[in-house]
Amino acid sequence: MGCGLRKLEDPDDSSPGKIFSTLKRPQVETKTDSAYEYVLLDFTLEASSNPEVIKISSVLDIATKVEDYYSKGFVVGAVHPILLPIGRRRNFPASHMYRVVLSRLKLSQKHAAPRGQRHPRLVIEECPLMSETLTNEVVKELLEKVNEAAKRGKKFVGFVTQHFPQPKGCNGTTPDGSSELESTLSRRNREHRRRNSDENYKNWNEGTLSGHSSESGIEEEMQGESSLLQDADFQFGKEVSPVKPRRGDDKLYTIFNVFDDDSTCWTYHEGVLSMKVTRKGPVISTLEADWLELTTFYYKQGLSLIDSFVHWETSKGDYLPKSLEGLFIYEEEGAGVPGSNRKGNDAIVVEQWTVIEGCEIKTDYGPLLHTLAEFGWLLTCVLPTPILRHD
């Protein structure tokens, strides 16, 4: 669909991101009365040599790790896996990492924070899995429970799956024969891929703004450096880790911001998520979806995209191009119904490559997020996709 942004140049495969919007570029860059500031925290379930990555023993630990930020007025707006733990990549170091995005409204002299203001708190609850496979039907049932919790002052942030790594054998392999973690990643030319942290902002100014689909070539999944394509929605947008849970192996958690008063309520609705994928063997090599076309109706009704679910795993040997159907989860504030007279929202979707080396993130959506924050854009979710490439 025409999203109002003309294509300024053809980005090559090394471009860090593309931007889609319901607005024209001058409108996107218009200063508003409000602006946001963000803090990005990375957590890992395994030991890391990177001091900036916080070690946790469970996703549940994230709640206590962010308490100090909540006391300063920050609130968690998105939690997502750095790398979707599907297939053999479940043993990559990045498959045990999570990104947490916190935000707060920048207060001007005109809008001072009220004294004695009470802050919400982050609550993470384990969600019992009654089925060995997460399907659309199972997620719909979970959404009913989310709506019940929302009536009690719980604002839904998203679902997150924690994968428990298989024990390694003495020869450095896992029981399924996968090779050791570090040796399967990296081995690429660092000089070729190293980028200045400001390149996202540079591309924003130079105009890599375009497009209706994301597509990438891919080599064998276990070769070389892994990169991850993520779609970040501003004023909407995050993807739950769509794995195939096994009882006793994976756990599913529900994340909420909990408010002491119940003066505000939220309702969560399901929406269609459809895309076309092609595979190279079991690995998804290309993905085609028009995120704006799928979500604009809900944006215009004043809803926000909070989370999504896709079952990425495929039956053995079922590698033909096909459509995948998943679910978007939208948040409605107040007791209204879709279609009622309420202020609509505008949206930006950023298609962004994340460059990963072991447990270190070299390039991601952070710089662009900070830039858009100055124009009053609020991040509501991040949607990791399974697209990897080694170059």
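The values are calculated or read from the model by the stated rules, or taken from the named source; none is laboratory data. Note that the structure is a prediction, hence the values are computed from the model and not measured. So basically every Cβ, Gly included, is an ideal-geometry build from the backbone, and we count neighbours across all protein chains shown. Note: areas computed on protein heavy atoms with side chains; ligands, DNA, RNA excluded. Shrake-Rupley method; radii C 1.70, N 1.55, O 1.52, S 1.80 Å.
Based on this model, can you work out whether E46 counts as under 30 Å from V123 (Cα atoms), modelled with pLDDT of 85 or more and assigned to a loop (DSSP other than H, G, I, E, B)? Spelling it out, E46 is indeed under 30 Å from V123 (Cα atoms), modelled with pLDDT of 85 or more and assigned to a loop (DSSP other than H, G, I, E, B). Yes or no: V76 at pLDDT 85 or above, of a type outside the set (G, A, S), more than 29 Å from E125 (Cβ to Cβ) and open to solvent by less than 70 Å² (accessible area, probe 1.4 Å)? Considered against the rule, which asks whether it is at pLDDT 85 or above, of a type outside the set (G, A, S), more than 29 Å from E125 (Cβ to Cβ) and open to solvent by less than 70 Å² (accessible area, probe 1.4 Å), V76 comes out as no. With respect to the stated conditions, S340 is at pLDDT below 85, among the hydroxyl-bearing types (S, T, Y) and over 19 Å from I387 (Cα atoms).
Across the range 263-272, which residue is modelled with the lowest pLDDT among those that are over 18 Å from the mean Cα position of the chain (by Cα) and more than 9 Å from A150 (Cα to Cα)? This residue is S263.
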